[in-house]
Each structure stands twice: as C-alpha cells, then as structure tokens.
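No lab work stands behind these numbers, since they all come straight from the coordinates. Since we're looking at a predicted model, the values are computed, not measured. No Cβ is skipped: glycine too gets one built from the backbone with ideal geometry, and neighbour counts run over all protein chains shown.
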Amino acid sequence: MGVALTPRTGSRAQESSGRLSTYQLTDRIIGAAIKIHRRLGPGLLESAYETCLAYELREQGVSVSQQKAVPLVYDGVKLECGFRADLLVENRIVVELKCKDQIHPVDEAQLLSHLRLLDLNVGLLINFHVVLLRDGIRRMVNNYREQEESTDGREYIGRVR
C-alpha cells in the first residue's frame, strides 16, 4: 500500500507564504531530515528516507521532485544517461541521500556533478546511517560567489578560489 504524498487540507502546506531564501530552504530540509531521523533512526533504505523527506517538505508547502532526471549535454546534444538526483527542492536545491558507514569523495563528486549539470548552486548530502544526523549532513556549493570589496572601497561580485 503506497503513501499519499499530497498535503492534507488545512495542513502546514497552506501556511507557507512567499519564496524562501536558499538559507531558509536548506534549514527546512535539514530540520525535516532531523525529525525523520529522530523518529525512524538509522538502518532503513535510502528510498524510505527519500519518501519521508519528500512528504515532510510537501507538508510544509515546499515543492519537491523525486528521482529528478539529470541530463547530460555533450557536443550540443542532450543525452539521458540515467543520472538521477534523489530530490530537487523548489527547483533550486539538490538533495542526495545516503545510508552508508561514511561518505566518500565520490559521493561529494556525484552531488557536485548534479549541481553542475542542472546549473544549480546549492546541494545537501545527507547520510542517514549515523547516530546523530548532524554528523551526516554536508552542504555543498557549486560556483560559489560572494561579495568582495575592492582596494578602492567598491563592492563587487567575484569568484572565490
């Protein structure tokens, strides 16, 4: 029997108003993940955590796509290679979920590749196979840009190396 992922009438989904900042959105995602981890603990499959996290976010009025196809453009041709992001939240944040003893560099590379291919800046890598979920969360940024101050006192946007 499947779980309905559409918000109930009168749910928190209707309380959400306006566009959230990236910081607020990542905060909501992390908060929902912590809530799920406290209730279910480690040890389940990624798909269970993915379904629960999508449900929790939708209940808060946040748009979520599960198993979002990540196309590859090669030589000007869009190719479907089977790449999938676990969750795409508000079409702005990629969330990759893991259930493993430790995160490896290849897991981080996967998230950064998805961010690059989807032309997005922020992603979360969440490993549910930990005792405290905060130890399993990594926020990653693609093409990070911040305001810098020039030598003559003017501010400008520049790439941080």
Inset, instruction - Return the long-range amide H neighbours of K100 (sequence gap of 5 or more, or a different chain), with a cut-off of under 5 Å between placed amide H atoms. - result: F128, H129
Inset, instruction - Work out from phi, with θ = phi - 60° and the Karplus expression 6.51 cos²θ - 1.76 cosθ + 1.60, the ³J(HN,Hα) of each residue of the stretch 89-105, listed in order in whole Hz, and give x for Gly and Pro. - result: 9, 6, 6, 10, 10, 8, 10, 10, 9, 9, 9, 9, 4, 8, 7, 10, x
Inset, instruction - For the stretch 20-159, build the charge dipole from Cβ charges (+1 Lys, Arg; -1 Asp, Glu) around the Cα centre, then report which of N142, L120, L88 sits farthest towards its positive end. - result: L88
Legend entry - Distant-in-sequence amide H partners of I137 (H built 1.01 Å from N, under 5 Å): N127
